[in-house]
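The values are calculated or read from the model by the stated rules, or taken from the named source; none is laboratory data. Because the structure is predicted, anything quoted here is derived from the model rather than measured. Don't worry about glycine lacking a Cβ; one is built from the backbone with ideal geometry, like all the others, and counts go over all protein chains shown.
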Amino acid sequence: MAKPTPADDVIREQCTTCEKTRPHDVTIELLTESGKDTNRKFSREPYHIAECRNCGTTTKLRLNNA
Ligand SMILES: [Zn+2]
């Protein structure tokens, strides 16, 4: 799991819930997807996951959009 981000090295991203730029805990995770691809039953895709430190909203952004 991700280690806590030092306070002076915080990642700030736009939070749709806060509607402001907030500090986020950002990790990259491989999530298993199923059903969408016809050539593969399951695929593991990298996701950029950001959790707002203010409200706890988690935003997932798929990195591989091919
Ligand atoms: Zn937020």
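A compact table of results
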read-out	value
Search result, residues across the range 39-62 that are over 9 Å from the mean Cα position of the chain (by Cα) and either surrounded by 14 or more Cβ atoms within 10 Å (Cβ to Cβ) or at pLDDT below 90 (or both)	ASN39, ARG40, LYS41, PHE42, SER43, ARG44, GLU45, CYS52, ARG53, THR57
Scope the range 17-31; condition farther than 20 Å from TYR47 by Cβ, within 8 Å of the ligand (Cβ to nearest atom) and in a strand (DSSP E or B); matching residues	LYS20
